[in-house]
Every structure is written in C-alpha cells, then in structure tokens.
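Only one structure is covered here, and it is reproduced in the block below.
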Amino acid sequence: MRRLSKQKKQQLLLTALVTLTVLTGIWFGLIRVQQQSIVKVKEKTVAARKQLDSVKTTITRAEEIEASLTQGREVLSQIEENMADGDLYAWLITRIREFKTPYRIDIPQFSQINGPRPVDILPAFPYKQAGLTIAGTGRFSDIGMFICDFENQHPFWRLSNVVLEPATAGTAGDNEKLSFRMDVLALVKPAGTALN
C-alpha cells in the first residue's frame with residue numbers, strides 16, 4: 001500500500017468530517033423530525049381509536065340507554081306527582097294531617113306558608129321549595145316515630161329545626177308530654193317546568 005501524502009490525508013479527513021457533519025444535519029434536521037411526527041401521529045391514532053371504540057360501544061348500547069332514560073323519566077314523573085302543587089298551604093296541611101293520623105301526637109298549629117322559593121341545598125336545582133312551621137304535643141317516643149316515619153316515607157321533604165320542650169301541665173298523667181316545633185320543607189315543581 002502506498003502511503004498517502006500529508007495533503008491527501010488532510011483532504012480525506014476533511015471529506016470525512018464534512019460527510020459526517022452533513023449526515024448529522026440530515027439526521028437531526030430531517031429524519032429525527034420525521035420520527036417525532038410519526039410518534040405524534042401514532043399517539044393521535046391510538047386516541048382516535050379509543051374514541052371510536054367508545055362511540056361504537058355507545059351506539060351498541062343506544063337501546064339500553066334509551067330504555068334507561070325512559071325508565072328514569074317515568075320515575076321522575078311519579079315523584080313529581082307527589083310534589084306540592086296548587087294551593088301549597090292547603091296541600092301541605094292536608095298531607096301532614098293525613099300522615100299524623102296513626103300517631104298519638106297533636107298538631108294544632110301551622111304557620112303561614114314560606115315559599116315557593118329556590119332550593120337552598122343545591123345550586124341551579126330545577127325545583128322550588130315551600131315550607132311551614134308546625135307545632136304540637138306528644139310523648140317523646142311518639143314524636144320520634146312520627147319524625148322517623150315521615151322522613152322515610154317522604155324522601156323529598158325535610159324536617160328541620162326540631163325543638164322539644166316540656167309541655168305545660170294541663171291534666172294529670174301528662175307529665176310525659178312534650179311540646180315540639182319543627183320546620184317542614186317540601187319540593188314544589190314550578191308551573192310550566194317539564195324535565196322530560
């Protein structure tokens with residue numbers, strides 16, 4: 001083999017450096033950018049496939065979802081039938097008097113109706129609430145059973161601010177009686193509201 005001259009060695013080294021620099025530039029300037037865009041396209045493809053699968057699942061469950069929605073509307077309609085309407089004061093008093101019949105308590109006092117007004121528990125709730133304060137007398141156990149059964153049988157009513165005090169002595173044997181006072185709040189469906 002012949003020995004290369006110093007000038008040829010420098011030219012060969014320079015050519016190798018230029019070639020290496022060009023290849024590095026091509027790698028970082030073109031190939032790497034293309035690889036990154038391919039990775040991004042693959043990620044978008046995976047996300048689009050997941051979304052497509054979700055849409056296909058929803059489409060296949062459309063009848064089930066529609067049946068569930070119909071059932072929910074029927075349940076809501078039944079619940080709305082038990083909501084206060086018309087003359088709210090008379091409606092609330094009638095319902096409370098009907099409910100208290102089997103209990104050994106006396107409820108002679110009903111305050112004026114308060115409402116209908118927006119529900120203060122949930123924001124943007126589509127129903128309103130109306131309430132009044134009731135007062136009466138009874139034994140502790142009877143009052144407790146009344147409250148318990150009332151709230152269990154009327155899940156969309158609320159009893160609050162319950163106050164118990166010893167009843168005024170009227171007759172013998174009434175020393176176990178208590179006076180009570182409580183607020184009764186009921187949901188009212190505003191006129192013209194349809195949630196179907």
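None of the figures in this text is laboratory data; all of them are computed from the coordinates on show. Note that the structure is predicted; figures quoted are calculated from it, not measured. Cβ: placed from backbone, ideal geometry, glycine included. Neighbour counts: every protein chain shown.
Over all directions, the projected convex hull of the C-alpha atoms in the chain averages 26.3 nm² in area.
Each Cα pair of the range 7-60 feeds into the Kirkwood radius, which the Stokes-Einstein equation turns, at 20 °C and 1.002 mPa s, into a diffusion coefficient of 146 µm²/s. Panel note: the C-alpha atoms of the range 88-188, placed on their principal axes, show extents of 52, 25, 21 Å (largest first). The listed peptides 82-90, 46-54, ordered by packing as a protection proxy, come out as 82-90, 46-54 (highest mean of other Cβ atoms within 10 Å first).
Among DSSP bridges having both ends in the chain, what percentage is antiparallel? Round to the nearest 5.
Working: 27 of 28 bridges.
Counting only bridges with both partners in the chain, antiparallel ones make up about 95 percent.
Based on the Cβ-Cβ distance of residue 19 and residue 42, what FRET efficiency does E = 1/(1 + (r/R0)^6) give at R0 = 45 Å, to the nearest 0.05? About 0.90, to the nearest 0.05.
Please work out the FRET efficiency for the pair residue 54 and residue 104, using the Cβ-Cβ distance as r and a Förster radius of 45 Å; give the result to the nearest 0.05.
Details: r = 58 Å, r/R0 = 1.30.
FRET efficiency, residue 54 to residue 104: 0.15.
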